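What follows is one structure encoded as structure tokens, with my remarks underneath.
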Amino acid sequence: MKKLNKLILIALLLSFLPGFLFAKGQQEKPKVTFYWALYDGLTEDFRASLQDAFMKANPDIKLDIVPVPWKNMHDKITTSLAGGNPPEISVIGTRWLLELMGLNAVDEVTSYVSKATLDNIAPGAMEAKIKGKLMGLPVAAGARIMAVNTSITTRIPMTMGELEKDAMAVNNPPKVYGLIMPGKKHTELTDFAYYLLAAGGYFFDINSDGSYGKCAVNSPAGVKALTFMNKLANVDKVVQKGYLSMDRMGSHPVFYAGKAAYVFIGAWVESAMKQANANFKVKYAQIPPFAGNKSTPLIITDSIAIFKDAKYKKEAGKFLDFFYQDKWKAKFDELVGFPPVTISASKLPQFQTPLYKALGVAALNARGWPLMEGWAEYSDIIWDANQKVFLGQMTPKAALDEAAAKIDKARGM
Amino acid sequence: MADRVIIGKRSKWWNEETRLAYLLLFPAVFVLVAFMFYPIVYVFLMSFFNADKLGRLRAFSGLKNYKTLLATKEFWKVTGRSIIWTAIGVFSKTIFGLVIALLLNVEYRGRKFSRMLFIVPWASAVPISAMLWMWVYNPEFGLLNYTLEVTGLWKNPPVWLGKPISAFGACMWVDIWIGIPFMALVFLAGMQSIPSERYESAYIDGVNSMQKFFYITLPGIGELLMIATLLSSLWTFNDFNVIYILTRGGPANSTNILITSIYQYGFEWLKFNTASVMAVVTFLILSIVSIIYAGIYFKRERE
């Protein structure tokens, strides 16, 4: 019996041995893991070719570009940090940076990326520079614009009032809808933001020292914005059928299918339309403000962060230098449709089109998301307020008052 | 004498045979402790501590997390909804499962093919099934509304995932659709183990179909019915995928159940204190259900 015990023990140990040896063999080659956000327009071919090209140029480094749907990115990063196994680098919403810094999870980019790469980035794109430290390399920065399907209408509304009239003039559901409006909660609060900014409002009061004061979504501008959205959807009924069950990814294909006149959208519109085989022409214009307000589009910036507890940060920096060459980064920008953040790429001919001109104008007066901890929760609360109004459960004023009170309470104000 | 007793006890727990048993059990026990018990204990601990945004314990807070959560209306709404979700889900799966099992138990041509067909929803990955149904429910391009409109059955069908009641019902249906095959297969296995002589005797005595079902079939699969409904209750209560993929708890939180709320608080909002209390409540509810079931089951077995 003793012999049998010994035999089993030896067999167990032997069964583990190849695993140990394999693991040791793997450790010899540093492996850089990169959480790669699946932006609309990005192709698998591009991801794979970038990965292969880098490993060919750097045979001593293994690169794993992990595609992650954008709506799962925040959760994926959180779980990897909680599990003590963060990637070397990841695309992040720049607005998540304060939260990540609060967790002491990210490192200064300047310690790992070359000066040549940093000098090639437009200073205006460095939103991730916090207290003088660059905590993320800008990867995408794009203001939102309005796309008009010219096979339905050639009218470019200059105010929200005109947009309503123009949308009603062409609205003929279910063949043609006046306007696209997602009503299902998704990762970003973009849709309410377009109307809130167009009404001259913002999410929070800004104190004299630049810090955020109380929640201001229930300001007259906020109420005006939500009232207008509700009117478009439930009174004028100019938005796509079933808007309440459609998030951004679900509703934009209705525009790509040529069934809607207007959509507020990002720079990815052209590549997404190409992928959807859309065969109509599009004009680009600014998201109109409400009468008496100035045009204030939303701008969204994303960055690449380097994680403090990752093993191969030096190698990750090497990859970023590789990726930020025009050959790769300009192609990336072209695919996702974002205006380039690098100075050299912005001069390339492919970025001198009407779309990029419209994006350039939009960026001049654009405002971004609040950079604050807890924004994921607060934007969910505002989303819920929007939906309560769309469902007829509350008035815009009551719903936004409730949301503002909840947010202020959560922030301890 | 005392020494002999101690030696006897030691040898009972530690002899050559038990040593081998321990050795063979060790990998399974290690995996269970590492991946089941440790997380459970950690979640319990977390519910009594202030945790940071990565779930690391910071300071003991006693019952504060519980008091805060139990005082919110939203928590009770979500808990109530979870119970309704489970009750309707398990009841429907049991009824549909029974009906399908009865049909599959009848001798007819193509029975094997039918059995294979019924297992498809169970064999597919739940997220894939949920995504498939998301497209079926799509108001613009979806198969369901298109069919209803084209056939004239419903001129203006609802936006299934856009309104609270229809969204809850639509999610519920997907959960039921996924869960039916398991119930049907378990019941079918039970029905096939009932000796055919009982049905033959009943036939000679002039017993009708309903009487056969209530007096032979149902008692014959009684134990399996209990086990299947218990398992189904646990799975349904913890069904995250369907709701998360179809509605993400919306519209306006109307389809959020405890398990999706735990995810929302924990991994979207990084509020691990609240998430851990909800997880403990879920654990307790499911433990109570399991204990009641186990009690009834073992009592019957003893009888």
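Before moving on, here are some points about what is shown:
- Shielding by other protein chains, A:379-392, mean Cβ within 10 Å: 3
- Protein-only accessible surface order, largest first, of A:Asp119, A:Asp107 at 1.4 Å: A:Asp119, A:Asp107
- Bridgeable aspartates and glutamates around A:Lys165 (alpha carbons under 14 Å apart, same-chain partners fewer than 8 residues away excluded): A:Asp236.
- Rounded to the nearest whole Hz, the Karplus-based 3J(HN,Hα) values (6.51 cos²θ - 1.76 cosθ + 1.60, θ = phi - 60°) of the range A:218-228 follow the sequence 8, 5, x, 5, x, 5, 4, 4, 5, 4, 5, with x at glycine and proline.
- As a rough guide to protection, the peptides A:108-116, B:265-273 ranked by mean Cβ packing within 10 Å, highest first, stand as B:265-273, A:108-116.
- Relative to the dominant Cα principal axis of chain A, helix A:375-390 is inclined by about 40°.
- The charge dipole of chain B, taken about its Cα centre with unit charges on the Cβ atoms of Lys, Arg (+1), Asp and Glu (-1) only, comes to about 780 debye.
- Comparing B:Phe26, B:Phe214, B:Phe48 in a Gaussian network model of chain B where C-alpha atoms under 10 Å apart are linked, the largest mean-square fluctuation is found at B:Phe26.
- For chain A, the dipole from Cβ point charges (+1 on Lys and Arg, -1 on Asp and Glu) about the Cα centre works out to 600 debye, to the nearest 20.
- Protein accessible surface hidden between B and A, which excludes ligands and nucleic acids, total in Å², probe 1.4 Å: 3200 Å²
- Options A:Ser208, B:Tyr203, A:Ala405, ranked by Cα towards positive dipole end of the protein assembly as shown, top entry (Cβ charges): B:Tyr203
- Taken residue by residue and averaged, Cβ atoms of other chains lying within 10 Å of the Cβ of A:235-248 number 4.
- Taking every DSSP bridge with both residues inside the protein assembly as shown, close to 70 percent are antiparallel.
- Aspartates and glutamates whose Cα lies under 15 Å from that of A:Lys131, excluding same-chain neighbours fewer than 8 positions away: A:Glu99, A:Asp107, A:Glu108, A:Asp209
- Applying the Karplus relation 6.51 cos²θ - 1.76 cosθ + 1.60 with θ = phi - 60° to the range A:361-368 yields 3J(HN,Hα) values of 5, 4, 5, 4, 10, 6, 10, x Hz, where x marks Gly and Pro.
- Helices in chain A, meaning DSSP H runs of at least 4 residues, each add -39500 (n - 2.57). Divided by all residues, the mean residue ellipticity at 222 nm is -13500 deg cm²/dmol.
- Amide H contacts for A:Gly337 (H built 1.01 Å from N in the peptide plane; partners 5 or more residues away or on another chain; cut-off under 5 Å): none found.
- Structure note, pairs A:Lys274/A:Lys331; A:Lys133/A:Lys409; A:Lys184/A:Lys237: Cα-Cα distances above 26 angstrom occur for A:Lys133/A:Lys409.
- When each full DSSP H helix of chain B is screened for a Cα extent of at least 15 Å along its own axis and an average Kyte-Doolittle hydropathy of at least -1.0, the helices passing are B:2-13, B:16-32, B:73-104, B:126-137, B:164-192, B:222-237, B:272-302.
- 0 to 90° range, to nearest 10: angle between helix A:396-410 axis and chain A longest Cα axis: 30 degrees
- Under 5 Å, built H, 5+ apart or other chain: amide partners of A:Val282: A:Thr150
- Candidate residues A:Met394, B:Met116: accessible-area rank, largest first, probe 1.4 Å: B:Met116, A:Met394
- For chain A, built as a Gaussian network whose Cα springs stay under 10 Å, the top-fluctuating residue of A:Gly102, A:Gly132, A:Gly183: A:Gly132
- A:Asp247 long-range amide H proximity, modeled H, under 5 Å: A:Lys184
- Pairs over the 31 Å Cα-Cα cut-off, from the set A:Lys397/B:Lys77; B:Lys64/B:Lys93; A:Lys71/A:Lys327; A:Lys283/A:Lys318: B:Lys64/B:Lys93; A:Lys283/A:Lys318.
- Nearest-ten-degree value, helix A:160-170 long axis tilted from longest Cα axis of chain A: 80 degrees
- With the helix formula -39500 (n - 2.57) applied to DSSP H stretches of n ≥ 4, chain B reaches a computed 222 nm mean residue ellipticity of -22000 deg cm²/dmol.
- Comparing B:Ser193, B:Ser166, B:Met278 along the charge dipole axis of the range B:71-302, the residue lying farthest to the positive side is B:Met278, per the Cβ-charge model.
- For the range A:77-82, backbone phi angles converted through the Karplus equation (6.51, -1.76, 1.60; θ = phi - 60°) give residue-by-residue couplings of 5, 4, 5, 5, 5, 4 Hz, Gly and Pro being listed as x.
- Heavy-atom accessible area per residue - the protein assembly as shown, 1.4 Å, Å²: 49 Å²
- Peptide ranges B:236-249, B:52-65 listed from the most packed, as the mean C-beta count within 10 angstrom indicates: B:236-249, B:52-65
- Simple point charges give the picture: +1 on the Cβ of Lys and Arg, -1 on the Cβ of Asp and Glu, and for the protein assembly as shown a dipole about the Cα centre of about 640 debye.
- Accessible-area value, B:Thr68, 1.4 Å probe, nucleic acids and ligands omitted, Å²: 80 Å²
- Considering only A:Pro174, A:Pro69, A:Pro182, the mean-square fluctuation computed in a Gaussian network model of chain A, springs between alpha carbons under 10 angstrom, is largest for A:Pro174.
- Each principal axis of the Cα cloud of chain A was evaluated for its coordinate range; sorted largest first, these ranges are 85, 50, 48 Å.
- Descending by average beta-carbon neighbour count within 10 Å, the peptides B:35-46, A:229-240 line up as A:229-240, B:35-46, the highest first.
- Mean separation of Cα contacts under 8 Å, 6 or more apart, over the residue count of chain B: relative contact order %: 25 percent
- Per-residue average of Cβ from other chains inside 10 Å of B:239-251: 3
The values are calculated or read from the model by the stated rules, or taken from the named source; none is laboratory data. Being a predicted model, the structure only gives us computed values, none of them experimental. All Cβ positions, even for glycine, are placed from backbone atoms using ideal geometry, and neighbour counts span all protein chains on display. To get the accessible areas, we keep the full protein, side chains included, count just its heavy atoms, and leave off ligands, DNA and RNA. Shrake-Rupley method; radii C 1.70, N 1.55, O 1.52, S 1.80 Å.
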